[in-house]
Amino acid sequence: DAMVIQNPRYQVTQFGKPVTLSCSQTLNHNVMYWYQQKSSQAPKLLFHYYDKDFNNEADTPDNFQSRRPNTSFCFLDIRSPGLGDAAMYLCATSREGEKETQYFGPGTRLLVL
Amino acid sequence: GEDVEQSLFLSVREGDSSVINCTYTDSSSTYLYWYKQEPGAGLQLLTYIFSNMDMKQDQRLTVLLNKKDKHLSLRIADTQTGDSAIYFCAEWWTDKLIFGTGTRLQVFP
């Protein structure tokens, strides 16, 4: 059974057109993460939530926003995608007290035309 | 900032052992990890080791940690074609994971 689900798996958007990526989890974990992984590079943390407490990485561009309406769902909003935002976006979860063990979803590959 | 380095490629024959190496910079890291990523897929946690351990074995996987040299390795015994993937080393540092750039393992018959 899927534990961390990301939709869609592939997303095509136009330069400058807002796009939202979705992540849901059935693990009831209270910590959720968004990573960006560009081609042939390591995943890079964008931000994460402890419950509803939002934690932004210092070098995450303002163009990237996130929402977490409840424990199960977390969204990544890219307000004005540029060509450089084309990447794989990975969602992960972990349990409070076990933050070191993260469970990753399959990722959404974003293409910007 | 923290840096985790890996060699980019490794090619092995099916049935041989694979050894993937990683170096990291922060001696205070508490956990070190190995993740596997197959094409177009997310990251699968293979194994992890706590910093006070030297070795951990899990079926075909053996992790060795040399804290003095800040060197971590993953040995895959009896490598199979299904092991072909990118392997990421990662360390837990100040409340987040820092990943290496990944090693692409290619297994040929």
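Coordinate-derived values only; no laboratory data. Quantities reported herein were computed from a predicted structural model and do not represent experimental measurements. Here Cβ is always computed from backbone atoms with ideal geometry, including for glycine, and neighbour counts include all displayed protein chains.
The lone criterion from (1) of a type in the set (A, V, I, L, M, F, W, C); (2) surrounded by 19 or more Cβ atoms within 10 Å (Cβ to Cβ); (3) out of contact with any strand residue (DSSP E or B) (no Cβ under 7 Å at 6 or more places or on another chain) left unmet by residue A:58 is number (2). When you scan the stretch B:30-46, do you find a residue that is of a type in the set (D, E, K, R) and either in contact with a Leu (Cβ under 6 Å, 6 or more places away or on another chain) or closer than 13 Å to residue B:87 by Cβ (or both), even just one? Checked the stretch B:30-46: at least one residue is of a type in the set (D, E, K, R) and either in contact with a Leu (Cβ under 6 Å, 6 or more places away or on another chain) or closer than 13 Å to residue B:87 by Cβ (or both). Considered as a group, the residues in the stretch A:93-113 that are away from chain B (no Cβ under 12 Å) and outside any loop (DSSP other than H, G, I, E, B) include one that is surrounded by the fewest Cβ atoms within 10 Å (Cβ to Cβ), and that residue is A:111.
Selection within the stretch A:39-85: residues that are basic (Lys, Arg) and within 13 Å of the chain's Cα centre (by Cα). The member of this set that is nearest to residue A:20 (Cα to Cα) is A:67.
Before we move on, is residue B:87 under 13 Å from the mean Cα position of the chain (by Cα) and within 17 Å of residue A:94 (Cβ to Cβ)? It is false that residue B:87 is under 13 Å from the mean Cα position of the chain (by Cα) and within 17 Å of residue A:94 (Cβ to Cβ).
Only one residue in A:90, A:76 is buried (at least 17 other Cβ atoms within 10 Å of the Cβ), more than 11 Å from chain B (Cβ to nearest Cβ), closer than 28 Å to residue B:34 by Cα and touching a residue at least 24 places away in the same chain (Cβ under 8 Å), so which one is that?
Working: A:90 fails: more than 11 Å from chain B (Cβ to nearest Cβ).
Only one candidate passes the filter, namely A:76.
Elements of the type strands (runs of 3 or more DSSP E) sitting completely within the stretch B:1-108 and holding at least 1 residues that are more than 11 Å from chain A (Cβ to nearest Cβ): these cover B:9-13, B:18-24, B:31-37, B:43-50, B:55-58, B:61-66, B:71-76, B:85-93, B:103-108. Scanning the stretch B:39-73 for residues that are within 26 Å of residue A:92 (Cβ to Cβ) and more than 14 Å from the chain's Cα centre (by Cα), we see that the one that is surrounded by the most Cβ atoms within 10 Å (Cβ to Cβ) is B:42. Among the residues of the stretch A:10-67, just one is assigned to a strand (DSSP E or B) and of a type in the set (Asp, Glu), namely A:53.
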